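For reference, the structure discussed in these notes is given below.
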Amino acid sequence: SYYNSNPKQFVVPEKRHVRHILLKTSKDADSKTREETRAKAETVKARIQAGEDFATVAKSESQDEGSQSNGGDLGFLSAGSMGTDFDKAVFRLDLNELSSPVKTDQGYHIIKVEEIIPESQTSFEDSARQIVDKLAEDKARRKIVSESDNFYESVYRSENLVDNAKKFGFDVQVVDNVLRESGLPFSQNDPKISDEVFQLRSGEISKLFRFGDDYAVVQVLEKKKERIPELDEVRSIVEKDYIRDQTILSATKKAESIIEEITKSPNDFVVIAKNNKLDWIDIDPISRTSGFVPNLGKSAIISEMLASLSVAAPLFPQPIVVPEGVAIVRLSKVDRASDELFAKEAAAFGAWVSEVRKTELLKGWIRSLRDKASVEINQKLL
């Protein structure tokens, strides 16, 4: 049923085997220089039309460092994987046709399509395992939403975190010496969650936090007043932080140089990564408004990244410091939202938002009553 209802999800897009020859122009080049470069590109095209081998000409004439030695070979490309003008030219060409000079930010390209693999539909048999995994994941997600709400309601009514965690089979982690600036380890160091936790009183239990597909409830066991410790008390922490800071600084500088390299040759992002002994890690599609990215976490810069990336500008222009190090982020493709998916998820998401709002409202009301209340102890009765 899922396969039949979501045919677009199982389309394998058309791919084209592409070669190109690049004659570079700088961004600040004047019109005369650009025209001279375009005219040279026309001459290169004429040589190939006269019978010279494209790959041989590319090795001698192309100024694209990433593909020149391979005869301008870019491999198989899908729509949306390159810059807009380059992409349009590739998918307008017929098989073995040469393009006219195509202008991009890099310069002028002569493009040739050597092979076309047409769009196809993945068979049900080949998609079945993927569908089973997705449906199981969706079911698990709905279950954890329900269990999290039930768990939090039970915790809130009894004001007992540990016993309810045991009852529901959830883990309880005790973390000592948490600093506001360092953040909470479970929350990908989200500063907003840290701020909310640090406003709690000793013994108070937090609201139900959600980040990505994970949930957490926090209880403050003890609050220690701010002080400056002796160096010997925190020497190991200081040394660890210093080494991490220096490592991040070094990694950030390296990432900046790689981003600059990719900016100059955006079509060579795979080759550039390999030359630096790095790999691109693909992640499942995420919403622009989710704020949370697997492997990266949640922060203001990640929200900015999600909002700013586009097919026309797929590379985020600055490194992102994450729990595991420093990341370079590039948009690989855009999956358009479907009415079918919205129809399936809207009711469940709406119910979740409603329950969260109800819980927050109830807790706020009780807290306001508690703040207004006064307690008198009758010593005679004691």
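If you go through the stretch 150-164 and keep only what is open to solvent by less than 30 Å² (accessible area, probe 1.4 Å) and among the aromatic types (Phe, Trp, Tyr), you end up with Phe151, Tyr152.
Residues in the stretch 82-96 that are within 22 Å of Leu309 (Cβ to Cβ) and either touching a Pro at 6+ places or on another chain (Cβ under 6 Å) or assigned to a helix (DSSP H, G or I) (or both): Thr84, Asp85, Phe86, Asp87, Lys88, Val90. In the stretch 6-57, what residues are in a helix (DSSP H, G or I), charged (D, E, K, R) and in contact with a helix residue (DSSP H, G or I) (Cβ under 8 Å, 6 or more places away or on another chain)? Hit for the stretch 6-57 is Arg47, nothing else.
So for the stretch 204-227 (the condition being at pLDDT 90 or above, open to solvent by less than 80 Å² (accessible area, probe 1.4 Å) and farther than 26 Å from Gly291 by Cβ), does at least one residue qualify? Within the stretch 204-227 (the criterion being at pLDDT 90 or above, open to solvent by less than 80 Å² (accessible area, probe 1.4 Å) and farther than 26 Å from Gly291 by Cβ), the answer is no, since none of the residues qualifies. Picking from residues in the stretch 31-84 that are within 40 Å of the chain's Cα centre (by Cα) and at positive phi, the one that is modelled with the lowest pLDDT is Gly80.
Residues in the stretch 309-321 that are touching a residue at least 60 places away in the same chain (Cβ under 8 Å) and of a type in the set (A, V, I, L, M, F, W, C): Val311, Ala312, Val321. Ser287 passes every criterion in (1) in contact with a Ser or Thr (Cβ under 7 Å, 6 or more places away or on another chain); (2) exposed (fewer than 14 other Cβ atoms within 10 Å of the Cβ); (3) at pLDDT below 85 apart from (1). Got at least one residue in the stretch 210-217 being outside any helix (DSSP H, G or I), of a type in the set (Gly, Ala, Ser) and either in contact (Cβ under 8 Å) with a residue 60 or more places away in the chain or within 30 Å of Gly80 (Cβ to Cβ) (or both)? Within the stretch 210-217 (the criterion being outside any helix (DSSP H, G or I), of a type in the set (Gly, Ala, Ser) and either in contact (Cβ under 8 Å) with a residue 60 or more places away in the chain or within 30 Å of Gly80 (Cβ to Cβ) (or both)), the answer is yes, since at least one residue qualifies.
Selection over the stretch 290-329 of residues that are outside any helix (DSSP H, G or I), within 21 Å of Ile272 (Cβ to Cβ) and open to solvent by less than 60 Å² (accessible area, probe 1.4 Å) gives a count of 16.
The values are calculated or read from the model by the stated rules, or taken from the named source; none is laboratory data. Small disclaimer: the values here were computed from a predicted structure and weren't measured. When we count neighbours, we look across all protein chains shown, and the Cβ atoms used for this are built from the backbone with ideal geometry, even at glycine. Remember, those area values only see protein heavy atoms, side chains included, never the ligands or the DNA or RNA. Shrake-Rupley method; radii C 1.70, N 1.55, O 1.52, S 1.80 Å.
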